[in-house]
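The values are calculated or read from the model by the stated rules, or taken from the named source; none is laboratory data. On a predicted model such as this, the values are computed, not experimentally measured, just so you know. Using ideal geometry, Cβ is built from the backbone for each residue, glycine included, and neighbour counts are taken over all protein chains shown.
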Amino acid sequence: MNVSANDKKQLNIIIVVMIIIFSFLVFFTKDNSGYKPRQVPIPKLYEPEQMNLPPEYKLSLTGQRDVKNQDVFIYAQAYYKIHCRVVHIMPYYMGVSGGLAPVDFAVVWGELVKKENYTNIDFRQSGRWAYFRPKKTSLYDNEFIGTHFANMHIIPADRNVFSGLKKVEKYDEIYMEGYLVNIESFENGRCTMTWNSSLSRNDKGNGACEIMFVTKIITKYGEFVSAKNQNK
């Protein structure tokens, strides 16, 4: 059977749409972990707090982790806390990056957490990138927004944290603790991927996203803490 170029194009579009739908279903499906969050207020931070780790502490957080049949190592670069507004959400499933970080949060902080400010900015996400465009009614320019906005690749420390991440909705106010991390993956001893977090709030373009290994998240539904951190 001969397949025209147009038919192939339509088939590819259908496959992409099905993958996107499947990713949304996987991420937003009802949580059945049984984890019961503790009800606590959301801590307020005007700016993210970051403590860079010295080289001797930059060790793998989880040891070797099997992701999509590859050996993955997660190296902590900095301890990180952030209180923010989630202005866009995009789930991912495909590949090692999707297996590790099943969702990206586009977030704002500081003055942009306020409704009268973030609603005067348009946000969108695509392909692990996030974009913003201030409306004519915005009080803030590109430079200010760019230093109070981030696209964060979110790695849940365990199922407890993942159950909290899945409850987050667009425009929710949240608080997260954890680590900014670098990633290496290997297949049969060959490095197949390196993925490094930004350690600055002022950078732009490729490499400017934060990769966060989240050990605690506090939302309107309560506090979700990794099992290893529940007594800390």
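Does Val16 satisfy being assigned to a loop (DSSP other than H, G, I, E, B), loosely packed, with under 15 Cβ neighbours inside 10 Å and modelled with pLDDT under 95?
no
Mind checking whether some residue in segment 159-174 is farther than 24 Å from Val108 by Cα, not in a loop (DSSP other than H, G, I, E, B) and not hydrophobic (A, V, I, L, M, F, W, C)?
Checked segment 159-174: at least one residue is farther than 24 Å from Val108 by Cα, not in a loop (DSSP other than H, G, I, E, B) and not hydrophobic (A, V, I, L, M, F, W, C).
Where residues in segment 71-100 are touching a Phe, Trp or Tyr at 6+ places or on another chain (Cβ under 7 Å) and not in a strand (DSSP E or B), which of them is surrounded by the fewest Cβ atoms within 10 Å (Cβ to Cβ)?
Tyr93
Residue-wise test of (1) within 20 Å of Arg65 (Cα to Cα); (2) modelled with pLDDT of 95 or more; (3) touching a Cys at 6+ places or on another chain (Cβ under 9 Å); (4) assigned to a strand (DSSP E or B).
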position	(1), (2), (3), (4)
Met176	no, yes, yes, yes
Tyr179	yes, yes, no, yes
Arg201	no, no, no, no
Ala208	no, no, no, no
Ile211	yes, yes, no, yes
Val214	yes, yes, no, yes
Ile217	no, yes, no, yes
Glu223	no, yes, no, yes
Asn231	no, no, no, no
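Of the residues that make up segment 111-121, is at least one touching a Phe, Trp or Tyr at 6+ places or on another chain (Cβ under 6 Å), crowded, with 18+ Cβ neighbours inside 10 Å and in contact (Cβ under 8 Å) with a residue 40 or more places away in the chain?
no
In contact with a strand residue (DSSP E or B) (Cβ under 6 Å, 6 or more places away or on another chain), at pLDDT 95 or above and either surrounded by fewer than 14 Cβ atoms within 10 Å (Cβ to Cβ) or of a type in the set (A, V, I, L, M, F, W, C) (or both): is that true of Val103 in this structure? Can you show your working first?
Working: in contact with a strand residue (DSSP E or B) (Cβ under 6 Å, 6 or more places away or on another chain): yes; at pLDDT 95 or above: yes; either surrounded by fewer than 14 Cβ atoms within 10 Å (Cβ to Cβ) or of a type in the set (A, V, I, L, M, F, W, C) (or both): yes.
For Val103, the condition - in contact with a strand residue (DSSP E or B) (Cβ under 6 Å, 6 or more places away or on another chain), at pLDDT 95 or above and either surrounded by fewer than 14 Cβ atoms within 10 Å (Cβ to Cβ) or of a type in the set (A, V, I, L, M, F, W, C) (or both) - is met.
Tally time: how many residues in segment 122-137 are assigned to a loop (DSSP other than H, G, I, E, B) and either aliphatic (A, V, I, L, M) or exposed (fewer than 15 other Cβ atoms within 10 Å of the Cβ) (or both)?
4
Which pairs have Cβ atoms under 9 Å, sit 6 or more apart or on different chains, and link a residue in segment 138-150 that is charged (D, E, K, R) to one that is surrounded by 12 or more Cβ atoms within 10 Å (Cβ to Cβ) and not in a loop (DSSP other than H, G, I, E, B)?
That search, which allows pairs on different chains as well, returns Asp141/Pro134.
Just to be sure before I move on: is Ala150 within 16 Å of Pro48 (Cα to Cα), assigned to a loop (DSSP other than H, G, I, E, B) and not polar (S, T, N, Q) in the structure I sent?
Against the criterion (within 16 Å of Pro48 (Cα to Cα), assigned to a loop (DSSP other than H, G, I, E, B) and not polar (S, T, N, Q)), Ala150 does not qualify.
A quick yes/no check of all residues on (1) in contact (Cβ under 8 Å) with a residue 60 or more places away in the chain; (2) at positive phi; (3) in contact with a helix residue (DSSP H, G or I) (Cβ under 7 Å, 6 or more places away or on another chain):
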{"position": "Asn160", "(1), (2), (3)": "yes, no, yes"}
{"position": "Gly164", "(1), (2), (3)": "yes, no, no"}
{"position": "Val168", "(1), (2), (3)": "yes, no, no"}
{"position": "Ile174", "(1), (2), (3)": "yes, no, no"}
{"position": "Trp195", "(1), (2), (3)": "yes, no, yes"}
{"position": "Ala208", "(1), (2), (3)": "no, no, no"}
{"position": "Ile211", "(1), (2), (3)": "yes, no, no"}
{"position": "Thr215", "(1), (2), (3)": "no, no, yes"}
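Exactly one condition in (1) at pLDDT below 95; (2) assigned to a loop (DSSP other than H, G, I, E, B); (3) of a type in the set (D, E, K, R) is false for Glu47; which is it?
Among (1) at pLDDT below 95; (2) assigned to a loop (DSSP other than H, G, I, E, B); (3) of a type in the set (D, E, K, R), Glu47 violates only (1).
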